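Please read the structure below before turning to the comments.
The values are calculated or read from the model by the stated rules, or taken from the named source; none is laboratory data. From a predicted model like this one, the values you see are computed outputs, not experimental measurements. Don't worry about glycine lacking a Cβ; one is built from the backbone with ideal geometry, like all the others, and counts go over all protein chains shown. What goes into the accessible areas is simple: the full protein's heavy atoms, side chains included, and nothing from ligands, DNA or RNA. Shrake-Rupley method; radii C 1.70, N 1.55, O 1.52, S 1.80 Å.
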Amino acid sequence: MSFLKRSLIATAALGAVLFVSNPAAAQFGPPPPPPPPKETPWKNTSLDAATRADLLLKEMLPNEKLTLLMGHFGTDAQWMNFRGDIPGLAWKMPAEARPQSAGFVFGIPRLGIPNQWQADAGIGVASQAGPNPRLRTALPSGMATAATWDRNLAFAGGAMIGREARLSGFNVQLAGGVNLAREPRNGRNFEYAGEDPLLAGVMVGEQIRGIQSNHIISTVKHYAFNDQETHRNSASANISDKNGRESDLLAFQFAIEVGKPGAVMCSYNRVNSIYACENPYLLNEVLKTDFGFKGFVMSDWGATHSTIPAANAGLDQQSGYPFDKAPYFAGALGDAVASGQVSEARLDDMVRRVLWAMFSTGAFDNAVDVQDDKIDFAANGKISQADAEAGMVLLKNEGALPLIASAKKIVILGGHADRGVISGGGSSQVYGRGGNPVADLDLGPKFFPGPVSYYPDSPVAALKRLTKAEIVYDDGKNPQAAAELAKSADVVIVFGTQWTAEGVDASLSLDQNGDALIEAVASANKNTVVVVETGGPVLMPWLSKTRAVLEAWYPGSNGGTAIARILTGAVSPSGRLPVTFPASLDQLPRPVLDGLGKPDRPVTQINYDIEGAAVGYKWFDKQKLQPLFAFGHGLTYSSFTYKNLKADMRDGNLSVSLAVSNTGKREAADVPQIYVSAPEGAGWEAPKRLAGWDKVALKPGQSKAVTLSVDPRTLSTFDPATKTWQLKAGTYSVAVGTSADSLGKAIEVALPGTTFDIRGQKVKAN
């Protein structure tokens, strides 16, 4: 009997494959599984994860190894609009899976290896389409959390959704989106953390660390260069090694170092013509060798294309079958091992990595179960609200905010602000408690990545609670009628929304004629405040006519309350942009989105070497372009000063210190940002780089000393030939500011030439 048939029969006994190819086995039943071993040294929690994984691996049978490498979709096909090219497909999820979940991987009860219950997780415990979706707490979007520039809030939000995942019966969260915002029209930018590798990597890393504090596995995704949705399943992101290492790959490296995720999810797209999930450069060379990643690589749902090339290139687990065309890592992988096309050592490495992730996170030792009644939704909503309030960015304010108590009439227009706040669409969709308040409206697609969903925390209702003014709401569908109504108000607040989603890229305009509404209303009443709820940057042709603009992003479960508290001054805005807002499309490296409106064959080629590592504000600096709003920008209701900026070498690294003072009349938080410029000939991709930041909450008149240690990789260039980071000797300029285009007087510091290894450790002085 072949390795394939032996593996399938034995694995079927454990319920782990989709079919049995041996008719006799199907008729009479497979042999019973072996008894549990008498000794279980891998359960000794005093041992390190690697040792425990090795001990357990020695006890595993070939079919049991295959079991851990094959993932199944956790939702029945009747509720999904996918893979219509498979005739007669009637996918039934495994009975053990959590209903309407992302995925499921069978464990090995004989050895105490738990099942893997997987949930989509960017902003909370998501639910797939179908009846009675699970209702959970939604954090603000990833972009909003990045806009807090607050490591502690990122960790707290991750810890909260990790707790809800555990109590919902999940031990794997498909969270940690860190793809850089190279393309501001990317439909999934709302899941990610902006354009700078240091900011994005650290903030996402903290969220991952929070999730895994609950003894569950988090991924980091989508690895790598999955920076647009158009033709995402086929397009090739083309970029040099140096440019990639100094941008997107550096963001992943920071996130992995901070968060220590158990898993990495590889992406749909090709990278330099090779699919990311069978790309040996990405998986074996960069991730596992250079970064030293010890966990496992899982594919995105539908991103596995082969057995032998994928396994040998570094993919460890196929996820979400039947989104892929075949169960490549079931029996076919067993046959590939039996024939020697995939080595037994490689098979063991794949399994060892899964086991290491379970042991290192505590998922192996801490069983999960569904305990919905133990979720503290009120407390979790407060965590989401704190995140939303800290991430909202006051882009413009000419004295209109906070709303004055003397205002007698406030007219609120548009954005379905009487019903709730918008969320982004696709696999990250969390359904909020109270249901979808716009379900009766025809706002978008009925199926994936829809339906368009709101959270029922209405800004209108919240403002009625927090103000004494008469509040009148109109849906704004008729801009002329809305403008007439606006004339009677002391203050007008216009809500503009932009729904973005997985699978589709967006324009940089507001939905539902939002720009025309704001234009008409601002022309009728000069005291117009605009609140925009968007997935990322938008153009603002009406900006000069408004008195204030608040970027609220997708603000999560308590988003309406958070918006109202910012507008009324109950809390001072402290968010800072994690992404540049362009003034026009022609400022972008690719004014026309690659592949838009074109077939995906021949394969869309995306040239990321146009900007290389000069992503976002670096591109604008390099090209001497003035954006609409710069990276790092954000206003407050108080005022701050910076003094005593100093820079020197401590323990071989650059250290920067300064004093931050609140010189205003309100308690507020500030984000001093440190930017460094290199000497001529250093080989930097742009004139300056973000080198560090802190978030400082101060009472009026209070000051605080801030000291930041600068990671040497933010000062160096990557040398592909030696795989080292090279810091050029010379005089560097260090400045502190409130945004990338608003810096104070720089100071100079002489830095010695130094070589650092790929992980930022000093190798030698040059």
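Odds and ends about this structure:
- In summary, strands (runs of 3 or more DSSP E) completely within region 584-676 and bearing 1 or more residues that are among the small types (Gly, Ala, Ser) occur at 640-650, 653-662, 668-670.
- Candidate set from region 17-35 (those that are closer than 25 Å to Asp349 by Cβ and in contact with a Leu (Cβ under 8 Å, 6 or more places away or on another chain)); member that is modelled with the highest pLDDT: Pro34
- Restricting attention to region 574-622, the residues that are polar (S, T, N, Q), surrounded by 14 or more Cβ atoms within 10 Å (Cβ to Cβ) and farther than 19 Å from His231 by Cα add up to 3.
- Filter pass, Val549 being in contact (Cβ under 8 Å) with a residue 60 or more places away in the chain, touching a Ser or Thr at 6+ places or on another chain (Cβ under 6 Å) and crowded, with 24+ Cβ neighbours inside 10 Å: no
- Hey, Ile566 in a helix (DSSP H, G or I), of a type outside the set (Lys, Arg) and open to solvent by less than 30 Å² (accessible area, probe 1.4 Å) or not: yes
- Options Ala379, Ala357: the member that is within 29 Å of Gln173 (Cβ to Cβ), without any contact (Cβ under 8 Å) to a residue 12 or more places away in the chain and of a type in the set (A, V, I, L, M): Ala379
Residue-by-condition table, conditions (1) crowded, with 24+ Cβ neighbours inside 10 Å; (2) β-branched (Val, Ile, Thr); (3) within 13 Å of the chain's Cα centre (by Cα):
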{"position": "Gln207", "(1), (2), (3)": "yes, no, yes"}
{"position": "Val220", "(1), (2), (3)": "yes, yes, yes"}
{"position": "Ala224", "(1), (2), (3)": "yes, no, yes"}
{"position": "Thr230", "(1), (2), (3)": "no, yes, no"}
{"position": "Ile239", "(1), (2), (3)": "yes, yes, no"}
{"position": "Asn243", "(1), (2), (3)": "no, no, no"}
{"position": "Glu246", "(1), (2), (3)": "yes, no, no"}
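- Hey, Gly124 at positive phi and in contact with a Ser or Thr (Cβ under 6 Å, 6 or more places away or on another chain) or not: yes
- Candidate set from region 44-75 (those that are basic (Lys, Arg) and crowded, with 22+ Cβ neighbours inside 10 Å); member that is nearest to Tyr321 (Cα to Cα): Lys65
Yes or no, residue by residue, for (1) part of a helix (DSSP H, G or I); (2) touching a residue at least 24 places away in the same chain (Cβ under 8 Å):
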| residue | (1), (2) |
| --- | --- |
| Lys294 | no, yes |
| Met298 | no, yes |
| Thr304 | no, yes |
| Ala311 | yes, yes |
| Leu315 | no, yes |
| Gly334 | yes, yes |
| Val337 | yes, yes |
| Gly340 | no, no |
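- Only listed residue being of a type in the set (A, V, I, L, M, F, W, C), in contact (Cβ under 8 Å) with a residue 60 or more places away in the chain and out of contact with any His (no Cβ under 8 Å at 6 or more places or on another chain), chosen from Ala735, Ala765, Ala721: Ala735
- Candidates Ser742, Ser709, Ser716: the one that is surrounded by fewer than 20 Cβ atoms within 10 Å (Cβ to Cβ) and farther than 24 Å from Lys624 by Cβ is Ser709.
- When we screen Asn366, Asn380 for residues that are within 17 Å of Gly210 (Cα to Cα), in a loop (DSSP other than H, G, I, E, B) and either of a type in the set (Ser, Thr, Tyr) or at pLDDT 95 or above (or both), the only hit is Asn366.
- Unique match (being open to solvent by 20 Å² or more (accessible area, probe 1.4 Å) and touching a residue at least 24 places away in the same chain (Cβ under 8 Å)) among Ser507, Ser458: Ser507
- Condition met for Ala729 (surrounded by 13 or more Cβ atoms within 10 Å (Cβ to Cβ) and free of Cβ contacts under 8 Å to residues at least 40 places away in the same chain): yes
- Residues within region 63-105 that are over 26 Å from Met350 (Cα atoms) and either more than 23 Å from the chain's Cα centre (by Cα) or modelled with pLDDT under 85 (or both), tallied: 18
- Unmet criterion (only one of (1) touching a helix residue (DSSP H, G or I) at 6+ places or on another chain (Cβ under 7 Å); (2) surrounded by 24 or more Cβ atoms within 10 Å (Cβ to Cβ); (3) in contact (Cβ under 8 Å) with a residue 60 or more places away in the chain) for His215: (2)
- Search result, residues across region 635-666 that are at pLDDT below 95 and under 14 Å from Ala705 (Cβ atoms): none
- Looking only at region 261-292, residues that are assigned to a loop (DSSP other than H, G, I, E, B) and small (Gly, Ala, Ser) come to 4 in all.
- Flag for Ala154 being over 23 Å from Cys266 (Cβ atoms) and within 20 Å of the chain's Cα centre (by Cα): yes
- Against the list (1) within 25 Å of Thr497 (Cβ to Cβ); (2) in contact with a strand residue (DSSP E or B) (Cβ under 7 Å, 6 or more places away or on another chain), the condition Phe170 fails is (1).
- The single condition among (1) at positive phi; (2) at pLDDT below 95; (3) not hydroxyl-bearing (Ser, Thr, Tyr) that Gly595 does not satisfy is (2).
- So Pro133, is it within 24 Å of Pro32 (Cα to Cα) and surrounded by fewer than 21 Cβ atoms within 10 Å (Cβ to Cβ): no
Residue-wise test of (1) modelled with pLDDT of 95 or more; (2) open to solvent by less than 40 Å² (accessible area, probe 1.4 Å); (3) of a type outside the set (D, E, K, R).
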residue: Arg419; (1), (2), (3): yes, no, no
residue: Pro437; (1), (2), (3): yes, yes, yes
residue: Ile471; (1), (2), (3): yes, yes, yes
residue: Asp475; (1), (2), (3): yes, no, no
residue: Leu485; (1), (2), (3): yes, no, yes
residue: Thr497; (1), (2), (3): yes, yes, yes
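- Within region 658-677, the set of residues being buried (at least 20 other Cβ atoms within 10 Å of the Cβ) and over 30 Å from the mean Cα position of the chain (by Cα) comprises Leu658, Val660, Asn662.
- Those residues of region 509-558 which are over 19 Å from Ala417 (Cα atoms) and assigned to a helix (DSSP H, G or I), in sequence order: Ser523, Ala524, Leu543, Ser544, Lys545
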